[in-house]
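Chemist: Have a look at the structure that comes next, please.
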Amino acid sequence: MKKWLPIIIILGLILIIGGYLASLNNKLVELDQKATAQWANVESSYQRRADLIPNIVSTAKGYAEFEQETLVAVTEARSKATSINIDPSNITPEQLAQYQQAQAGVTSALSRLLAVFERYPDLKANENFKELINELERTENRINVERNRFNEEARLFNTEINQFPTKMFAGLLGFHEKAYFKADAGSEKAPEVNFDDLGKDD
């Protein structure tokens, strides 16, 4: 019996460690999936904004005197932003920075467009355009909410995999830290629209 004791102890340890790793893996999978699902909400919000842009540009193009350069800038920024895809299971700081930079380009181009359209009373009075701008503002607010929620899910996941003893095994199980969204200068605010002036002649 004594000669079997070391083997029994080893098998027992294997079972204990195996059970722990299985339990840990399941917990990390759940946290990872929550962050991944929230990333989908972020992408959905950005996609909603991207879907609004062609309608905004199309409506503005109906006014021949409207600055075409501004519309081109918005269209090009949208094209660049929608060409960047991220694997939600492996969001690195570099990937997220590239994604965020492209989306910031859209925000900047839209801000210029909104500043320009204030000079066009007829366009400001267009009910369809006003509703598109209202929807854009709602979407920008939703983007901010979903980004914050993603950061929170990523924080919970990152906290878990950096705690001892999880930190010893997370990498072996294929789990790595997720990057956070970082605020760009001025990005805490959605593009400002003076709704009080909409529909009024200058």
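The values are calculated or read from the model by the stated rules, or taken from the named source; none is laboratory data. Worth saying up front: this structure is predicted, and the values here are computed from it rather than measured. Reconstructed Cβ throughout: ideal geometry from the backbone, glycine too, with neighbour counts over all protein chains shown. Quick note on the areas: whole protein, heavy atoms, side chains included, nothing else; ligands and nucleic acids left out. Shrake-Rupley method; radii C 1.70, N 1.55, O 1.52, S 1.80 Å.
Chemist: Output wanted: per-residue J couplings in Hz (rounded whole) for region 29-34, from phi through Karplus 6.51 cos²θ - 1.76 cosθ + 1.60, θ = phi - 60°, x for Gly and Pro.
Modeler: 4, 5, 5, 5, 5, 5
Chemist: Still on this structure: I'd like the accessible area for Arg138, computed on protein heavy atoms only with a 1.4 Å probe and all protein chains in place. Round to 10 Å², please.
Modeler: 120
Chemist: Please report the carbon-and-sulfur percent of the accessible area for the chain; probe 1.4 Å, protein heavy atoms only, DNA, RNA and ligands left out.
Modeler: Whole-percent figure for carbon plus sulfur exposure: 54.
Chemist: Where does helix 93-117 land angle-wise versus the long Cα axis of the chain, in degrees 0 to 90, nearest 10?
Modeler: That works out to roughly 20 degrees.
Chemist: Right, here's the next one. What is the extension gain from Leu5 to Ser79, computed as 0.36 nm multiplied by their sequence separation minus the C-alpha to C-alpha distance, in nm to one decimal?
Modeler: 19.9 nm
Chemist: If you line up the long axis of helix 68-82 against the longest principal axis of the chain, both from Cα atoms, how many degrees apart are they, to the nearest 10?
Modeler: The angle comes out near 10 degrees.
Chemist: Let me ask you something else. Give the ranking of Ile14, Ile56 by solvent-accessible surface, highest area first, calculated with a 1.4 Å probe.
Modeler: Ile14, Ile56
Chemist: So, R0 is 22 Å and r is the distance between the beta-carbons of Ala40 and Thr92; what FRET efficiency does that work out to, to 0.05?
Modeler: So the FRET efficiency works out to roughly 0.80.
Chemist: Here is a further query. Can you classify region 70-172 as rounded, prolate or oblate using the Cα gyration tensor, where a ≥ b ≥ c are the square roots of its eigenvalues, rounded means a/c under 1.5, and otherwise it's prolate if a/b beats b/c and oblate if not?
Modeler: Here region 70-172 falls in the prolate category.
Chemist: If Tyr46, Tyr63 are ordered by their accessible area, calculated over protein heavy atoms with a 1.4 Å probe, which sequence runs from highest to lowest?
Modeler: Reading off the accessible areas and sorting them downward yields Tyr63, Tyr46.
Chemist: Once amide H atoms are built 1.01 Å from N in the peptide plane, which residues 5 or more positions from Ile91, or in another chain, come under 5 Å H to H?
Modeler: The list, which skips near neighbours in sequence, is Ala179.
Chemist: Connecting C-alpha atoms closer than 10 Å in a GNM of the chain, tell me which of Ala81, Ala22, Ala115 has the biggest fluctuation.
Modeler: Ala22
Chemist: Next question, about the same structure. At 1.4 Å probe size, put Leu156, Leu110 in order of accessible surface, largest to smallest.
Modeler: Descending accessible area places them as Leu156, Leu110.
Chemist: May I ask you to order 122-131, 83-92 by the average number of other C-beta atoms within 10 Å around their residues, highest value first?
Modeler: Result, highest mean first: 122-131, 83-92.
Chemist: Same structure, new question: Counting pairs of alpha carbon atoms under 8 Å apart in space and at least six apart in sequence, what relative contact order in percent does the chain give?
Modeler: 31 percent.
Chemist: Additional query: For helix 127-161, what angle does its Cα long axis make with the longest principal axis of the chain, in degrees from 0 to 90 and rounded to 10?
Modeler: Once rounded, one gets 20 degrees.
Chemist: Quick one: 3J(HN,Hα) in Hz for region 7-16, Karplus 6.51/-1.76/1.60 with θ = phi - 60°, rounded, Gly and Pro as x.
Modeler: Couplings: 5, 5, 5, 4, 4, x, 5, 4, 5, 5 Hz.
Chemist: Then there is this: Just one of (1) 27, 24, 18; (2) 52, 14, 12; (3) 23, 22, 15 is semi-axes √(5λ) of the Cα gyration tensor in Å calculated from these coordinates, so which is it?
Modeler: Working out semi-axes √(5λ) of the Cα gyration tensor in Å from the coordinates points to (2).
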